[in-house]
Amino acid sequence: MVYQFEQTIREVLKDDKLYENYRYRFDYPGDLKSDKVAVVLDRFLRPGDYKALGTEQSDLRLPRSERFWTWRNFFLRLNDVLKVLHPLRIRPTRKRALEEAERWMLERIGQGSDGLAAVYPAMLNCLIALRVLGYSKEHPAYKKAAQDFAGLFVDDPEDFRIQPCLSPIWDTAINLISLAESGLSADNPALCRAAKWLLDKEVRIRGDWAFNNSHPEASGWAFEYNNVYYPDVDDTAMVLMALRLAKPEETWGLEAAFRRALDWQLSFQCRDGGWAAFDKNVTTPWLEDMPFADHNAILDPTCSDLTARTLELLGYINFNPKVRSVRDAIHYLIETQEADGSWYGRWGVNYIYGTWQVLRGLRAIGHDMTQDWILRGRDWLESCQNDDGGWGETCVTYENSAMKGIGKSTASQTAWAIMGICACGDLNRTSIQRGLRFLLSSQKSNGSWDEPEITGTGFPGVFYLKYDMYRQNFPLLALATYVNYRNGFITQPGFYQSSRS
């Protein structure tokens with residue numbers, strides 16, 4: 001059952017069950033003034049002592065649906081019944097279940113993982129779970145978990161903050177693509193080092209994804225430095241697009257790795273024709289009505305941006321556009337287009353991100369970009385261009401779609417919009433020229449751009465991500481894309497060409 005949940009929620013759920021069982025036993029000894037991990041745990045478990053938000057006495061339970069017969073009301077009533085039965089201590093399988101959860105957690109914080117799922121919520125809950133299970137601060141498992149968690153800390157003179165996760169593989173892949181598309185040769189030493197580093201990060205174990213996907217050979221890339229149980233579709237597609245632009249050395253085994261990872265990527269196509277991030281067909285809608293699914297991220301639904309990015313990868317390697325997998329993916333994109341012509345962006349903010357990626361993916365796979373439904377996407381992008389020539393959109397669009405395409409111009413979102421419109425042809429369009437002028441005029445003397453705004457998405461409506469490299473690599477990629485299109489091609493040639501008929 002737990003493998004029907006999205007991977008991050010899966011980690012948190014396992015830990016929550018451990019914490020719930022022993023919650024009254026928790027005590028954290030140590031100097032809270034010097035131990036930053038202890039500070040985080042203490043504030044998490046004793047929020048009433050901090051009075052920072054004014055929500056300590058609020059009722060945070062999920063409200064019941066107005067209709068009597070709904071899945072949410074069923075689970076809430078079932079939860080009430082279980083609470084009534086709780087004092088009876090009828091728990092024939094509790095001990096075994098806790099032992100299994102403990103074993104599962106320890107396995108996933110061991111070698112090859114920088115903490116449980118290498119993401120803040122799961123890592124914090126893991127520390128709590130270990131302590132309530134009786135693990136001392138000196139136990140090797142706890143020490144590793146605490147060290148991994150501390151790796152998210154940013155302690156500068158002005159502020160102490162905690163990053164939700166790290167993104168080195170994602171950032172490296174986009175940087176490599178941007179530099180290669182800008183004209184750096186495939187044998188450039190910097191690109192070769194980056195490609196070799198990425199290749200060494202390939203995941204070769206069958207992680208949790210294997211429970212829903214029977215593909216026999218493990219491959220793929222994760223988001224973080226080390227997260228072997230959870231490679232994902234998005235990073236794998238981006239890494240493959242980067243690796244194809246490198247010059248392979250005979251000792252690397254790059255072509256075999258590329259073919260292996262491509263097969264792994266294709267195996268994740270879901271029943272509706274789209275791709276999700278971590279799993280295959282984890283889309284059972286009633287699961288989101290469970291009481292602990294309070295931020296609508298318990299599933300791993302397919303999304304337009306990941307589906308289109310997979311098409312972009314396939315197009316660049318001359319994959320046959322007539323095969324069923326491609327046809328199904330294009331049908332999925334048609335079905336998920338919004339009424340105004342845009343597409344929702346699951347992993348970037350928001351409709352600008354989704355629309356750009358869909359148009360770029362369709363162009364790469366060789367689709368006819370003059371069709372009305374595609375031009376409606378282009379027209380939507382043009383409709384929300386700002387007076388300064390740029391584009392911007394805020395995170396509020398995930399909760400209020402009426403605000404889509406509205407926001408202060410940012411470097412990354414302007415770059416996305418330019419590339420989306422370029423994908424439809426006619427490089428002389430006023431919108432493209434104005435967008436290019438915005439990027440060039442806002443570029444700083446050292447070649448960079450400023451972007452304090454957040455343009456990355458973690459869980460919509462819950463938390464968002466600020467990728468510091470987005471303000472650099474995407475504008476560079478947009479400028480390179482425009483120049484390449486002007487020169488008659490849509491991407492630099494890569495070493496790998498598909499042999500599929």
Checklist line | Sparse-neighbourhood loop sites, GluC sites (Glu not before Pro) in segment 65-109 - DSSP loop, at most 10 other Cβ within 10 angstrom | finding: E66
Notebook entry, point to check: At a Förster distance of 51 Å, what's the computed FRET efficiency of D155 paired with Q371, Cβ-Cβ distance as r, to 0.05?
Noted result: 0.45
Note to self: So, taking all protein chains as they sit and a 1.4 Å probe, how much accessible area belongs to E453, in Å² rounded to tens?
What the structure shows: 50 Å²
Notebook entry, point to check: Each residue of segment 305-315 in order: what ³J(HN,Hα) in whole Hz does its phi give by Karplus 6.51 cos²θ - 1.76 cosθ + 1.60, θ = phi - 60°, with x for Gly and Pro?
Noted result: 5, 6, 5, 5, 5, 5, 4, 4, 4, 4, x
Next item on the list: Assuming R0 = 41 Å, can you tell me the calculated FRET efficiency for the pair D387 and N212, based on Cβ-Cβ distance, to the nearest 0.05?
Entry: 0.30
Note to self: Could you sort H331, H139 by their accessible area in this structure, using a 1.4 Å probe and putting the largest first?
What the structure shows: H331, H139
Next item on the list: Using a Förster distance of 51 angstrom, determine the FRET efficiency expected from the C-beta separation of H331 and V483, and round it to 0.05.
Entry: 0.95
Next item on the list: Taking all pairs of distinct Cα atoms, average 1/r, flip it, and tell me the Kirkwood hydrodynamic radius of segment 127-279 in Å to one decimal place.
Entry: 17.5 Å
Notebook entry, point to check: For segment 205-341, max minus min Cα coordinate along each principal axis, in Å, sorted largest first?
Noted result: 53, 35, 24
Check: Stretched out fully, how many nm does the piece from L440 to F463 gain, at 0.36 nm a residue minus the Cα gap?
Finding: 5.2 nm
Next item on the list: Work out, in µm²/s and without decimals, the Stokes-Einstein translational diffusion coefficient of segment 57-151 at 10 °C, 1.306 mPa s, Rh from Kirkwood over C-alpha pairs.
Entry: 98 µm²/s
Item checked: Per-q log10 I(q)/I(0), segment 306-380, q = 0.17, 0.20 Å⁻¹ (Debye; single scatterer per alpha-carbon; no solvent) -> -0.56, -0.78
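The values are calculated or read from the model by the stated rules, or taken from the named source; none is laboratory data. Just so it is clear, the model here is predicted, and its values are computed rather than measured. Ideal geometry is used to build each Cβ from the backbone, glycine not excepted, and the neighbour counts take in all protein chains shown. Only protein heavy atoms, including side chains, enter the accessible area calculation; ligands, DNA and RNA are left aside. Shrake-Rupley method; radii C 1.70, N 1.55, O 1.52, S 1.80 Å.
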